[in-house]
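The values are calculated or read from the model by the stated rules, or taken from the named source; none is laboratory data. Just so it is clear, the model here is predicted, and its values are computed rather than measured. Backbone-built Cβ (ideal geometry, glycine too); neighbour counts: all protein chains shown.
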Amino acid sequence: MNPTFSSLERGEACPASHVLPRVLVTHEWTEVGIEIHDFLRLVAPDPAFTSRALARIADDELRARCAAIDLPTALDRLMNVRAECAYAIDLETASVRFLGHNLERAYTNLAPNEIAGTLDVDADHVDRTPTAGDWKSGFSELTPAEDNLQIGVGAYAVAKARGADRAIGRLWFIGQDGRIRTDEAEFDALDLEHVLDRTRHTVRRIREAEARYSAGETLTVHRGPWCTYCPARPHCPAMIAFAREMLPALEQDRAALEMLLPDQLGEVWERARLAAKIAEEVIDSLKKFAATHPIPLPDGRKEVRSHQGSTTWVNGHRALEMLRERGANDEELAPLIGTTRYPVFSAKLRPGVGRRKASKTKPAEVDGHG
Ligand code: SF4
């Protein structure tokens with residue numbers, strides 16, 4: 001299976017990730033990312049949509065984060081801004097074709113030598129240089145724009161589509177508070193050729209891995225920051241081996257928790273979070289299987305199977321809006337609105353510590369059976 005623009009970076013670092021069985025796992029933060037992208041899809045080409053796009057977001061915190069996004073700074077010196085533009089690159093002929101807008105990543109009728117992808121932003125710099133941009137709102141470590149293959153291939157697509165010999169690629173990091181950091185790189189003709197070479201090389205290695213996997217060979221996997229959103233994680237030999245090793249370590253941590261020093265507790269936190277994430281992915285994968293095939297449990301008496309559950313919910317924001325439309329005033333509504341405060345635990349930078357510059361980590365080789 002050919003990679004898309006957004007999975008090229010992972011494919012370059014770990015070709016096996018495109019070959020091992022894949023499971024589509026959604027996390028809370030991927031859904032947040034989808035909502036932010038949806039908001040930007042509407043407002044980047046036309047900021048006049050901002051208030052309507054914000055009104056579509058039900059979650060207060062997420063709406064505030066989107067409202068704080070400084071679009072004029074992100075789109076500084078860009079014109080003809082379009083969103084969600086899909087392109088295909090033919091790796092044999094090096095040609096590019098425009099596939100359409102808002103295809104929701106459904107690329108049909110691709111030739112075997114074509115790879116496809118969607119640019120969050122497709123624009124022209126004020127000096128007319130074609131520009132491709134990508135919004136990032138997640139937590140994974142990212143390669144800087146100048147080395148980032150997803151950004152490079154986006155730049156290649158817009159350059160070739162417009163008959164230009166250079167292009168700009170922009171990466172935007174959207175912080176929790178909505179603030180944006182821009183990382184921009186310019187690709188000249190030589191850089192664009194280099195991007196094409198890297199892409200061809202990556203696809204060739206994925207095809208070689210496919211052939212080895214089909215022949216029952218052992219695949220080498222490469223762990224690194226690119227693993228975060230890898231759909232092959234539940235089937236990845238490195239992840240499975242890691243989870244196996246982690247269980248005894250966690251048992252020891254549990255027994256010794258009260259005697260550990262703060263630094264050691266930090267290590268336990270990292271280990272436990274990773275274990276929880278892997279367990280969540282395995283359970284998601286099992287649920288998908290159990291939806292069609294009950295899974296017998298080892299006690300021989302029970303099995304996991306899907307059954308119909310239901311939840312009744314009320315859209316509080318819409319209900320308040322309707323009450324206001326019917327004349328309720330703030331005093332009357334006050335008993336319906338409350339704030340619950342609860343502690344939230346997450347990893348944050350220590351006071352006085354700056355953000356680490358994104359860098360490409362050298363892949364660590366781990367052998368395993370595919
Ligand atoms: S999770 Fe496994 S298969 Fe996926 S990128 Fe990481 S090492 Fe490769």
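Taking the condition of being surrounded by 16 or more Cβ atoms within 10 Å (Cβ to Cβ) and either in contact (Cβ under 8 Å) with a residue 40 or more places away in the chain or under 15 Å from H37 (Cβ atoms) (or both), how many residues in region 162-177 meet it?
Here the count works out to 6.
Can you work out which of the residues in region 231-251 that are touching a helix residue (DSSP H, G or I) at 6+ places or on another chain (Cβ under 9 Å) and closer than 16 Å to E270 by Cβ is nearest to the ligand (Cβ to nearest atom)? Reasoning before the result, please.
Let us first name the residues in region 231-251 that are touching a helix residue (DSSP H, G or I) at 6+ places or on another chain (Cβ under 9 Å), namely 231-240, 242-243, 246-247, 249-250.
Next cut, closer than 16 Å to E270 by Cβ only: 239, 242-243, 246-247, 249-250.
Working: M239: 5, F242: 9, A243: 11, M246: 15, L247: 18, A249: 19, L250: 20 Å.
Ranking the candidates gives M239 first.
Identify, from the list E31, E84, E92, E61, the residue that is within 24 Å of I278 (Cβ to Cβ) and either part of a helix (DSSP H, G or I) or over 15 Å from the mean Cα position of the chain (by Cα) (or both). Give the derivation first.
Values: E84 fails: within 24 Å of I278 (Cβ to Cβ); E92 fails: within 24 Å of I278 (Cβ to Cβ); E61 fails: within 24 Å of I278 (Cβ to Cβ).
Checking each option against the conditions leaves just E31.
Please work out if G33 is surrounded by 15 or more Cβ atoms within 10 Å (Cβ to Cβ), within 16 Å of the ligand (Cβ to nearest atom) and in the same structural domain as T199 (by TED's automatic domain parsing).
Numbers: surrounded by 15 or more Cβ atoms within 10 Å (Cβ to Cβ): yes; within 16 Å of the ligand (Cβ to nearest atom): no; in the same structural domain as T199 (by TED's automatic domain parsing): yes.
So G33 fails the test.
What pairs come up if the first residue lies in region 100-122 and is assigned to a loop (DSSP other than H, G, I, E, B), the second is surrounded by fewer than 12 Cβ atoms within 10 Å (Cβ to Cβ), and their beta carbons are under 8 Å apart, counting only those six or more places apart or on different chains?
Listed by first residue and then by second, the contacts come to N113/E92; N113/T93.
Any residue at all in region 108-129 that's in contact with a His (Cβ under 8 Å, 6 or more places away or on another chain), among the basic types (K, R), in the same structural domain as V203 (by TED's automatic domain parsing) and within 17 Å of K160 (Cβ to Cβ)? Full working, then the answer.
Applying the first criterion (in contact with a His (Cβ under 8 Å, 6 or more places away or on another chain)) to region 108-129 yields 120.
Filter once more, keeping what is among the basic types (K, R): none.
No, that holds for no residue.
Which members of region 130-161 meet the condition of being part of a helix (DSSP H, G or I), crowded, with 22+ Cβ neighbours inside 10 Å and of a type in the set (A, V, I, L, M)? Even if it seems obvious, please write down each step before you answer.
Quick first cut of region 130-161, residues part of a helix (DSSP H, G or I) only: 149-161.
Those still in the list that are crowded, with 22+ Cβ neighbours inside 10 Å too: 149-159.
Matches in region 130-161: L149, I151, V153, A155, A157, V158, A159.
Only residues that are near the ligand (Cβ under 9 Å from one of its atoms) and either touching a His at 6+ places or on another chain (Cβ under 9 Å) or part of a loop (DSSP other than H, G, I, E, B) (or both): list them for region 12-21, please. Talk me through it step by step, then tell me what you get.
Step one: list which residues in region 12-21 are near the ligand (Cβ under 9 Å from one of its atoms), which gives 13-20.
Listed by number, the residues that qualify are A13, C14, P15, A16, S17, V19, L20.
Considering only residues that are among the small types (G, A, S) and in contact with a Leu (Cβ under 8 Å, 6 or more places away or on another chain), look in region 47-74 and name the one that is surrounded by the most Cβ atoms within 10 Å (Cβ to Cβ).
Keep residues of region 47-74 that are among the small types (G, A, S), which gives 48, 51, 53, 55, 58, 64, 67-68, 74.
Adding the requirement that they be in contact with a Leu (Cβ under 8 Å, 6 or more places away or on another chain) leaves 53, 67.
Numbers: A53: 20, A67: 14.
Per the criteria, the residue is A53.
Given the conditions (1) within 22 Å of L196 (Cβ to Cβ); (2) hydroxyl-bearing (S, T, Y); (3) surrounded by 15 or more Cβ atoms within 10 Å (Cβ to Cβ), which single one is not true for S95?
(3)
Which of (1) under 22 Å from the mean Cα position of the chain (by Cα); (2) more than 16 Å from the ligand (Cβ to nearest atom); (3) more than 20 Å from V153 (Cα to Cα); (4) in a loop (DSSP other than H, G, I, E, B) does D76 not meet, given it meets every other one?
Only one criterion is unmet by D76, namely (1).
Between residues in region 289-304 that are under 16 Å from V23 (Cβ atoms) and residues that are of a type in the set (S, T, Y), which pairs lie under 6 Å by C-beta distance while being six or more apart or on different chains?
If the second residue must be of a type in the set (S, T, Y), the pairs left are A290/S306; A291/S306.
Give me the residue from region 201-230 that is closer than 12 Å to L20 by Cα and within 8 Å of the ligand (Cβ to nearest atom) and, out of that set, surrounded by the fewest Cβ atoms within 10 Å (Cβ to Cβ).
C230
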